[in-house]
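Laboratory data are not the source of any read-out in this text; all were calculated from the coordinates shown. This structure is a prediction, so every number in the text was calculated from the model and none was measured. Cβ sites come from the backbone with ideal geometry, for glycine too, and all protein chains shown count toward neighbours.
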Amino acid sequence: MMSEIVVQAEGLCKKYKIATARYRHDTLRDLLTDSLKSAFRRNGNRHQSKDDFWALKDVSFELERGEAVGIIGRNGAGKSTLLRILSRITLPTEGYASIKGRVGSLLEVGAGFHQELTGRENIYLNGAILGMTKQEIDRKFDAIVDFSEIGRFIDTPVKRYSSGMYVRLAFSVAAHLDPEIMMIDEVLSVGDMNFQQKCMEHTKKLLNGDATILFVSHNMFAIKAMCSRVIYLNEGSVRYDGPSEETISIYESESRLDSLDWGEKIVGSKLAEWSIYATDIQVLDEQGKPRTVFDFGERMRIRVKFETRRPIVKPNFIIGVDRSDNVECCSYSSFVDGFHISRLDGEGVLEMVTPPLKLVAEAYDIVIVVRDESFQKLYCAQRGARFHLRHELFNTHFGVFHESADWHLSTIP
Amino acid sequence: MTSTSIFTTPFVEIKPSRGVFQLDLRAVWQYRELLYFLVWRDLKVRYKQAAIGIGWVILQPLVTMLIFTAVFAKFAKVPSDGIPYPIFAYTALLPWTYFAQALSRSGPSVVGDSGLISKIYFPRLIIPLAAVITPAVDVVFSSVILLAMMVWFGMVPTWGVLALPLFLLLAPMTALAVALWLAPLHVRYRDVGHALPFLIQIWMYASPVAYPVSLVPERWRVLYSLNPMAGVIEGFRWALLGKASPDFMLMSVSAAFVLLLLLGGIVFFKHMEKTFADVI
């Protein structure tokens, strides 16, 4: 089949004024006082460029009909801004994009749902908001209800729904939009596993029906499962655009040793100003050979190279394991394990060997956090190496980890 | 695939907006079903878990009329141009209650639907439009009372009743025209939300709801007639109660003023809507 370009983006830029975000002139008084201040401040204009923030910088790409493309990148890399521009919620500051075909964008599950209305009423309302005609909704109504597994609760106000039911219904409406171009922002990460699976299958069905999909996610597994091509955004620009495996491995190697968002809020965003930071985190097998894939039940050796800028009294190293979908699975603390360090200065290497890993098969990140022994002060919070656990049976359907139990049966004949 | 997508493959261009007059009103027409559903949503939601439900629509102008009759007609002895005061007041309260409702809903409507605006594309004009249309449904119910009162007081409408649709149209147009200015301002400045009830209150005193226009000094009449709601209310009284015909010259002035305000409002709204999702 001849390839046809359905989405074209050329030099897309988006500028936000940080000033408006920081002091949003929510009241007229703020505006008046602010403009008075800037009128009396000399060189008032010199700072203007500092207040501009380019969420997107010269982003260009083309999507062909039937392609499924993932968009990855750190928080704030511009992924959501890009989808917001392509789905016409906000306009680009510069650049051009053209889209050929009916667009269904799912930036938030259940946008436009009204709490007081019933499931049935919300299907019509949400369907209309997403761009369906009443006739179309009438025709697809049964399929939507069926897919959502809501059943007899369809005439109950959605405010009485569990969050799971709510999400299922909302996704079902969007899934039946039958778009030619589907844009999805992280919404597949909600709902329970079974339903996620169902959504993935539905999306794949759309793909087979020649739809084009643009998919933003932090979940590399979902991206790999669905997309053949991935665009990696970094600080608003396209860092890499290529086959999934290739792009994801570049992203993963570059985002190693990144500071963690929540940590930045406490210790600041500049790694070089921290009292201590990890310069390398290695994942090795028990014997000390580098490895990234482990079998269920194996031990793992984690080696952390660090540098201290200021001496730290009684540091408490915490090495955590986060699943790729950001579930914090477990952590090990040097202090809790009775490994006391009285004072730390200069460079060093810390090594620990985990107990046999009983986590289910998935991808995991090592997280390193340095605190004091009372878990109050924070010195360092970084994301480290990624590793994969292997098991033919135990996956996330079994929970976070799996361990054997003792069983006993007594029957009364 | 749906039949719509076979025949019309939509093509959308996205680029920074430069022109001031790209109004794209056709998109509003394409999304008319959404308009219907938003009105339907507001109507449904309004009377869920309300015991008297639709009764509120009738009760509001009815009770106001009773209070006005007591305070203005009995205590203050306000004249009513020879028309029984209760029906004199109710004929004005009908369009006024609608207008006050429409304005107080549509003014903050864009901020009220911020969840939609920041997540989904659709022509933003639909939002204030829906907010102006919703209370129009109430008018149907409250006019039943008016009809009953007309029979009770033996009022016979004049030929002017044929012009009633014109006045019926002028009220929502005025509400929409003002809302198109207020709603975008409300996105930026939440002050609008605080000022709006106050504005509506002042506006009522500046309209001949509780008193006849004849009480307004002659030299203020021109300025007074710039208030489109004065025209609407006078028109209602003229059409339904056979009151002496209003000043058509001044009424065309206020109609022209509304039209100007409306057109300017559309341009202003379209200009401001570009940043709604970024600011809201």
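Figures for the structure shown
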{"item": "Estimated distance in nm for a label pair at A:GLU10 and B:TRP152, the labels positioned 7 Å out from Cα along Cα-to-Cβ", "result": "7.0"}
{"item": "Relative contact order (percent, whole number), the stretch A:235-323, Cα cutoff 8 Å, 6+ residue spacing", "result": "23"}
{"item": "Integer Hz, Karplus 6.51/-1.76/1.60 couplings in order for the stretch B:272-279, x for Gly and Pro", "result": "6, 5, 4, 9, 3, 5, 7, 9"}
{"item": "Qualifying aspartates and glutamates (Cα of each under 18 Å from Cα of A:LYS57; at least 8 residues distant if same chain)", "result": "A:GLU10, A:GLU94, A:GLU235, A:ASP241, B:ASP278"}
{"item": "Translational diffusion of the stretch B:144-280, µm² s⁻¹ [Kirkwood Rh, Cα pairs; Stokes-Einstein; 37 °C; 0.692 mPa s]", "result": "196"}
{"item": "Karplus 3J(HN,Hα) series, Hz, for the stretch A:131-142 with 6.51 cos²θ - 1.76 cosθ + 1.60 (x for Gly, Pro)", "result": "x, 8, 8, 4, 4, 5, 5, 3, 5, 9, 3, 4"}
{"item": "Cut-off under 5 Å, modelled amide H: who pairs with A:ASN234 long-range", "result": "A:ARG239"}
{"item": "With eigenvalues of the C-alpha gyration tensor scaled by 5 and rooted, chain B, Å", "result": "37, 21, 18"}
{"item": "Between the stretch A:47-122 and the stretch A:366-389, the alpha-carbon center distance in angstrom", "result": "33"}
{"item": "Amide H within-cut-off set for A:GLY384, under 5 Å, with H built and near neighbours excluded", "result": "A:LEU257, A:ILE366, A:VAL367, A:ILE368"}
{"item": "Two-decimal Rg/Rh across the stretch B:208-280, once Rg and the Kirkwood Rh are taken from alpha-carbon atoms", "result": "1.18"}
{"item": "Interatomic Cα distance distribution for the stretch A:348-389, bins of 10 angstrom, percent", "result": "21, 46, 30, 4"}
{"item": "Neighbouring partner chain Cβ atoms per residue of A:124-132, average, 10 Å criterion", "result": "6"}
{"item": "Of A:LYS134/B:LYS119; B:LYS15/B:LYS119; A:LYS79/A:LYS205; A:LYS15/A:LYS265; A:LYS79/A:LYS377, pairs whose Cα-Cα distance is over 27 Å", "result": "A:LYS79/A:LYS377"}
{"item": "Unit charges on C-beta of K, R, D, E only; dipole of the stretch A:261-398, Debye", "result": "280"}
{"item": "Centroid-to-centroid separation of the stretch A:261-322 and the stretch A:130-206 [C-alpha atoms, Å]", "result": "41"}
{"item": "Test item: B:186-194 mean partner chain Cβ contacts at 10 Å", "result": "3"}
{"item": "Convex hull of Cα atoms in the stretch A:318-413, direction-averaged projection (nm²)", "result": "9.7"}
{"item": "Cβ-based net charge around A:SER98, under 13 Å, with every Lys or Arg adding one and every Asp or Glu removing one", "result": "-1"}
{"item": "Binned Cα-Cα distance frequencies in the stretch A:261-398 - 5 Å width, integer %", "result": "2, 10, 20, 23, 19, 13, 9, 3, 1, 0"}
{"item": "By average C-beta atoms within 10 angstrom, highest first, the peptides B:154-163, A:325-334", "result": "A:325-334, B:154-163"}
{"item": "Whole-number D in µm² s⁻¹ for the protein assembly as shown, Kirkwood Cα-pair radius fed into Stokes-Einstein, 4 °C, 1.567 mPa s", "result": "43"}
{"item": "For the stretch A:167-179, 3J(HN,Hα) per residue [Karplus equation, 6.51 cos²θ - 1.76 cosθ + 1.60, θ = phi - 60°, Hz, x = Gly/Pro]", "result": "5, 4, 5, 4, 5, 4, 4, 5, 5, 9, 6, 6, x"}
{"item": "Order by protection proxy (mean Cβ within 10 Å, highest first), peptides A:196-206, B:125-135", "result": "B:125-135, A:196-206"}
{"item": "Helix-only CD estimate at 222 nm, as mean residue ellipticity for chain A, using -39500 (n - 2.57) per DSSP H run (n ≥ 4)", "result": "-8000 deg cm²/dmol"}
{"item": "For peptides A:225-232, A:335-342, sequence by mean Cβ density within 10 Å, most packed first", "result": "A:225-232, A:335-342"}
{"item": "Net charge dipole size for the protein assembly as shown [Lys, Arg +1 and Asp, Glu -1 on Cβ; Debye, nearest 20]", "result": "2280"}
{"item": "Contact order relative to length of the stretch A:261-398, as percent, for alpha carbon pairs under 8 angstrom and 6 or more apart", "result": "30"}
{"item": "Principal axis box of the stretch A:165-266, alpha-carbon based, largest edge first, Å", "result": "40, 32, 22"}
{"item": "Rg followed by Dmax, in Å, when the stretch B:104-170 is reduced to its Cα trace", "result": "17.8, 55"}
{"item": "Cβ-based charge dipole, chain A, positive-most Cα from A:VAL400, A:SER253, A:PHE53", "result": "A:PHE53"}
{"item": "Expected 222 nm ellipticity per residue - DSSP helices of 4 or more, -39500 (n - 2.57), all of chain B, to 500", "result": "-20500 deg cm²/dmol"}
{"item": "Under 16 Å from the A:THR354 label point (7 Å along Cα→beta-carbon), backbone N, the stretch A:322-343", "result": "A:322-334"}
{"item": "Charged-residue dipole, Cβ positions (Lys, Arg, Asp, Glu), chain A about Cα centre, Debye nearest 20", "result": "1440"}
{"item": "For A:THR279, residues with placed amide H under 5 Å, excluding near neighbours", "result": "A:LYS305, A:PHE306, A:GLU307"}
{"item": "Extension gain, B:PHE141 back to B:LEU164 (0.36 nm per residue minus Cα-Cα distance, nm)", "result": "6.6 nm"}
{"item": "Calculated log₁₀ intensity ratio I(q)/I(0) where the Debye formula runs over C-alpha points of chain A, q = 0.08, 0.09 Å⁻¹", "result": "-0.59, -0.73"}
{"item": "Paramagnetic reach from A:ARG309 in the stretch A:238-260 [backbone N under 20 Å; point 7 Å along Cα→Cβ]", "result": "A:256-260"}
{"item": "Average beta carbon contacts from partner chains per residue of A:86-95, 10 Å cutoff", "result": "5"}
